[in-house]
Amino acid sequence: FGVMVRINDADYILSFGALKADEFQQLHSLKVNDKIVLKSHHVSYAPKYSYPIVSGDYVERDSKLIYKRVPRKDGC
């Protein structure tokens, strides 16, 4: 799952990976021009996309948590 976001006048694809049903519902409620707080540890590029891809680790809107990535248990 991913959405387009604008950060400091630059466009990005915000990627969330696999989601549970309740996480998807909260992210699906985002509207155009919503202001969110985003924390990420990784930006990547893919030849088939025109925009950089930001991996979302933490997203909040109106001081409420919308998404928090659960770290993998089998790796670093």
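Of all the criteria given as (1) open to solvent by 40 Å² or more (accessible area, probe 1.4 Å); (2) modelled with pLDDT of 90 or more, the one not satisfied by ASP34 is (2). Scanning the range 37-76 for residues that are closer than 22 Å to ASN8 by Cβ and open to solvent by 60 Å² or more (accessible area, probe 1.4 Å) gives VAL37, LYS39, HIS41, HIS42, VAL43, TYR45, TYR49, SER50, TYR51, ASP62, SER63.
The values are calculated or read from the model by the stated rules, or taken from the named source; none is laboratory data. Everything quoted here is computed from the prediction, not taken from an experiment. Ideal geometry is used to build each Cβ from the backbone, glycine not excepted, and the neighbour counts take in all protein chains shown. Surface areas here come from the heavy atoms of the whole protein model, side chains and all, with no ligands, DNA or RNA. Shrake-Rupley method; radii C 1.70, N 1.55, O 1.52, S 1.80 Å.
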